[in-house]
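Structure record follows, encoded as structure tokens.
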């Protein structure tokens, strides 16, 4: 052993080092994103709202469903109210409904009666107007103030020798009226109840108007009655032939009597109705 060798120094273990910890941030400096609470996360998820079309449809369906449920509940409540009502209340409600129904029926019947009355009055007024117009036409034909047409005959008297006088023509008018003549005109003069004939030997006047041969009678009536009335033995035709005149009768389905007389207002006579 060499005593000159110096002894080796002894090594002591190092104490364990603590883990490195960053120093705390200085005051006033940000330390990263803040942590959010549950309420804040809920608010952030609901606002601003992000509504889709499907959500709108679902909301509309829910609204309709809720409205239907509300109506059903109200109806159920009303039925429940009636179901829970007392017998006296139910009887009163039924009496009120019966009374209202009866009043409505009475009102309907009254309106129906008024409608029937109005329709009847209208029909009666229309019928009265129709009868008035028809009567006016009839009186106009008789008075000679309106034209007329219908079946009848035409009587033509040729008087070349001017031997026919006014009495012969008036006899022809009387025979025609007795046979049912309804309208007559002679040479453009309308024959009425007050018509008169005057003159002789070819100088004949009808109601003061001069007419000349041939004398043409246009007559409306039943031809089967008018023609035989003129041709009876000793009648108008034979009388005219004795005076050397010629009388010709022709039946027709349509005779037009269009000679008119002015309508005169009577001075004294008035209707008694």
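Every read-out reported here was derived from the displayed coordinates using simple, explicitly stated rules and does not represent laboratory data. Everything numeric in this text was worked out from a predicted model, so none of it was measured. So basically every Cβ, Gly included, is an ideal-geometry build from the backbone, and we count neighbours across all protein chains shown.
Could you give the distance between the Cα centres of the range 112-141 and the range 226-272, to the whole Å?
35
Can you give me the Rg/Rh ratio for the range 124-175, using Cα atoms for both radii and the Kirkwood formula for Rh? Each step should come with its number before you reach the end.
Details: Rg = 18.1 Å, Rh = 14.5 Å.
Ratio value, two decimals: 1.25.
For residue 69 and residue 113, what is the calculated FRET efficiency with R₀ set at 45 Å and r taken between the beta-carbons, to the nearest 0.05? If you can, show how the numbers build up before the last one.
Values: r = 49 Å, r/R0 = 1.09.
The calculated FRET efficiency here is 0.40.
Could you give the length gained by full extension between residue 88 and residue 264, i.e. 0.36 nm per residue of separation minus their alpha carbon distance, to one decimal place? Don't jump to the answer; show the numbers that get you there.
Values: separation 176, 0.36 × 176 = 63.36 nm, distance 8.24 nm.
Gain on stretching residue 88 to residue 264: 55.1 nm.
How many nm is it between the label spots at residue 251 and residue 232, if each spot is 7 Å from the Cα in line with the beta carbon?
Those two pseudo-labels are separated by 1.8 nm.
Working out 0.36 nm times the residue gap between residue 193 and residue 139, then minus their Cα-Cα distance, what length gain in nm do you get to one decimal? Please list the in-between numbers first.
Numbers: separation 54, 0.36 × 54 = 19.44 nm, distance 1.19 nm.
Residue separation times 0.36 nm, minus the Cα-Cα distance, leaves 18.2 nm.
What's the exposure ranking of 211, 220, going from fewest to most Cβ atoms within 10 Å? Numbers along the way, then the final one.
Working: 211 19, 220 24.
Going from sparsest to densest Cβ surroundings: 211, 220.
Could you give the semi-axes, largest first, of the ellipsoid that matches the range 71-230, computed as the square roots of 5 times the alpha carbon gyration tensor eigenvalues and rounded to whole Å? Write down the numbers at each step before the final one.
Working: eigenvalues 1375, 33, 29 Å².
They are 83, 13, 12 Å, listed from largest to smallest.
If a/c stays under 1.5 just call it rounded; otherwise compare a/b with b/c (prolate if a/b is bigger, oblate if not). Do that for the range 93-143, with a ≥ b ≥ c from the square roots of the Cα gyration tensor eigenvalues. Mind dumping the intermediate values first?
Details: a/c = 13.27, a/b = 12.73, b/c = 1.04.
Prolate, since a/c reaches 1.5 and a/b exceeds b/c.
Classify the range 137-232 as rounded, prolate or oblate from the Cα gyration tensor: take a ≥ b ≥ c as the square roots of its eigenvalues, call it rounded if a/c is under 1.5, otherwise prolate when a/b beats b/c and oblate if not.
On the way: a/c = 2.02, a/b = 1.33, b/c = 1.52.
Oblate, since a/c reaches 1.5 and b/c is not below a/b.
Given the Cα-Cα distance of residue 122 and residue 106 and 0.36 nm per residue of separation, how much length would full extension add, in nm?
Working: separation 16, 0.36 × 16 = 5.76 nm, distance 2.41 nm.
Residue separation times 0.36 nm, minus the Cα-Cα distance, leaves 3.3 nm.
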